[in-house]
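Shown next, in structure tokens, is the structure this report addresses.
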Amino acid sequence: MNGTPEAPLWTIAGGGLAGTLLALELAARGDPVRIIERHPNPKIETIPSGRSINLALAHRGLKALAAAGLDGEVKRRAVPMRGRMIHDNGGAARFQPYSRHPERFLYSVQRDTLSRILLDEAHRRPKIEVLFERELVAIDWSRRLAQLRTWCKKKTIPLPFNRLIGCDGAGSGVRRAIEEASGESGRIEWLDHGYREFTLAPDLAGSEDERQALHIWPRGEWMLIALPNSDGSFTATLFMEHAALATLGDDPKRWRSLFKTHFADALSCLDGLDRDLEHNPIGRLGTVYAALWHHAGALLIGDAAHAVVPFHGQGMNAAFEDVGLLVAALDRGTEWPALAAGFQAERQPDTDALARMALDNYREMRAAVHAPGFIRRKALEWELEGRFPERFAPRYDMVMFSDLPYALAEARGAVQAAIVDELLALNDPKARIARARTRIEENLPALRAPQQAQE
Ligand code: FAD
């Protein structure tokens, strides 16, 4: 049964990052779109996000923003991150570029800034209607009605829909409704590590290199990272076991003592610790594996379908890439029910691969990045990339600076890691290169397209 006439062609649950970008793309195709967002309009009230103040934006995200004509504005309001600044226990810091190609780098962008850019653009489009302060709590599938609870939570109102896209994040109400209707439940795998965010003063960076970097204090089982903000400050995030975070509690003395012992060079930059402890609660981290991404004309994308832990800086990038893939399928003329049904089959192998790589990257960031073995591996990877540019691309570059499918990046990355292991065991440089040539030509077909540069 179709929705009632007043339902626009598209209803999007969640006016966050993916939801708003998708609305812009659908409206650009001439379709009317309605967004349902549980939070108030940020122009009128500050959104109580309470999490991840800034995000690393990479090639996939920029590509999707470029399709909507917004990449230029976002870049202007973001800070380039040209590599990692690794802080060791003794207080020394060393810069590691992300790639051997200097033009490949990331941008640090504040979530609120990005969200405002997208929403402001949505408000300029007459085809887009945004209903704030409406939370989707249930779906009447037979009548195609979304049940919405108003922000003050006093009443529930029905809203008809035709095609419904769940862009409502990791705790998705659309996903819950699909699970209830289908009887198929997915799972969320929670990490036993959580996070807490702090502000660091601009003094953390004395030079442009220090300012345009993602700072990491790798400490084995846990780590502190800091991303630059456009006002010169940094947002630092400590990732640590929940039990240890609970022990630290909200006690500023304990936090200062932790910084003094493990992140001494950042201690004097702690700016507003009491405020941060009051406003930034412990965050949980998990991977969402939705069982069914579609049901009766509804489809999940972004975190609602496949939230990942943040250690590869790809959750938003993947959510934006979903938008591009969905719109490309519409442009190819794929009919809606078939598109919704086929999207999961096409995309899930990639998002599953991303989920694994994101978990793997936590180990790399918190422990490996400053180990001599890691640096030797990186040097060899870069040498191989220089010698065999069509066949060998570091996995990090494939994930962050290209739009090769994640599953392909993971599979090629595994083959490359085995080759690098084998080569590292050889001492003679000539024998090493000869072996590299044979192994690479045997196992790594030429890539379909050259890697994409960042600018
Ligand atoms: P969201 O951004 O979560 O948006 C969902 C929207 O839906 C929100 O506006 C919410 O209010 C609304 N909503 C929720 N439920 C309902 C409902 N029932 N009804 C109506 N509205 C609803 N990704 C990166 O690419 N790079 C990074 O560096 C990065 N760092 C991160 C650091 C941390 C600590 C965390 C936690 C995440 C990080 N991510 C990063 C991941 C990124 O934040 C998410 O992948 C991204 O926000 C997903 O976008 P989305 O639009 O799918 O969901």
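All of the numbers you see were taken from the coordinates with simple rules; none came from a lab. Because the structure is predicted, anything quoted here is derived from the model rather than measured. We place every Cβ from the backbone using ideal geometry, glycine too, and count neighbours over all the protein chains shown.
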Return, for the Cα atoms of the range 162-236, the radius of gyration and Dmax in Å, separated by a comma.
19.6, 56
Using just the helices of the chain, give the 222 nm mean residue ellipticity in deg cm²/dmol: DSSP H runs with n ≥ 4 each add -39,500 (n - 2.57), and the total is spread over all residues, rounded to 500.
-13000 deg cm²/dmol
Neighbour-limited loop hits for GluC sites (Glu not before Pro), the range 366-432 (at most 16 other Cβ within 10 Å; DSSP other than H, G, I, E, B):
E390
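Normalised by the number of residues in the range 287-326, what is the relative contact order in percent for Cα pairs under 8 Å and 6+ residues apart? Could you put the intermediate results ahead of the total?
Numbers: 35 pairs, mean separation 15.1, N = 40.
Worked out over the range 287-326, it gives 38 percent.
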For the chain, what is the charge dipole size about the Cα centre, in debye to the nearest 20, if Lys and Arg each add +1 at the Cβ and Asp and Glu each add -1 at the Cβ?
80 debye
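Mind sorting T150, T438 by how few other Cβ atoms lie within 10 Å of their own Cβ, fewest first?
On the way: T150 14, T438 10.
Ordered by Cβ neighbours within 10 Å, fewest first: T438, T150.
Can you put C152, C269 in order, fewest other beta carbons within 10 Å first?
C152, C269
Can you list which of the GluC sites (Glu not before Pro) found in the range 243-347 are DSSP loop residues with at most 13 other C-beta atoms within 10 Å? The partial results should precede the final answer.
On the way: sites: E278, E321, E335, E346; in loops: E335.
Counting only loop positions with at most 13 other Cβ atoms within 10 Å, the GluC sites (Glu not before Pro) in the range 243-347 are E335.
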Counting Lys and Arg as +1 and Asp and Glu as -1, each charge on the Cβ, what is the dipole of the range 29-149 about the Cα centre in debye, to the nearest 20?
340 debye
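If R0 is 51 Å, what FRET efficiency do you get for R437 and T334 from their C-beta distance, rounded to 0.05?
0.75
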For the range 337-415, rounded, prolate or oblate, judged on the Cα gyration tensor with a ≥ b ≥ c (square roots of eigenvalues), a/c < 1.5 rounded, else prolate if a/b > b/c?
oblate
Nearest 10, in degrees from 0 to 90: the angle of helix 17-28 to the longest Cα principal axis of the chain is 60 degrees
For the charge dipole of the range 173-251, defined by +1 on Lys and Arg C-beta atoms and -1 on Asp and Glu C-beta atoms about the Cα centroid, which residue among I225, G183, T235 has the Cα displaced farthest towards the positive pole?
G183
With Cα atoms, 0 to 90° folded angle of helix 372-387 axis to the chain main axis:
80 degrees
Considering the dipole of the range 245-369 built from charges on the beta carbon (Lys and Arg +1, Asp and Glu -1) around the Cα centre, which of H262, A296, A353 is farthest to its positive end?
H262
Determine the relative contact order of the chain: mean sequence separation of Cα pairs under 8 Å and six or more apart, normalised by residue count, in whole percent.
19 percent
Rg/Rh (Cα only; Kirkwood hydrodynamic radius) as it applies to the chain:
0.98
Rg/Rh over Cα atoms for the range 1-152, Kirkwood Rh, comes to 1.09
So how far, in whole Å, is the C-alpha centre of the range 345-371 from the one of the range 279-305?
17 Å
Cα axis of helix 315-331 to longest principal axis of the chain: angle in degrees, 0 to 90, nearest 10?
50 degrees
When a footprinting reagent is the concern and you count Cβ atoms within 10 Å, what order do R187, R435 take, fewest first?
R187, R435
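Below 8 Å, C-alpha to C-alpha, sequence gap of six or more: please give me the relative contact order for the range 207-307 in percent. Walk me through the numbers before you get to the answer.
Values: 78 pairs, mean separation 14.2, N = 101.
So the answer I get is 14 percent.
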Cleavage-rule hits, trypsin sites (Lys or Arg not before Pro), the range 69-169, DSSP coil, Cβ neighbours within 10 Å at most 12:
R143, K153, K154, K155
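Run the dipole for the range 142-259 about the Cα centre, Lys and Arg Cβ at +1, Asp and Glu Cβ at -1, nothing else charged, and hand back the magnitude in debye, nearest 20. List each step's numbers first, then the result.
Numbers: 16 positive and 16 negative charges, 211 e Å.
Here the size comes out at about 1020 debye.
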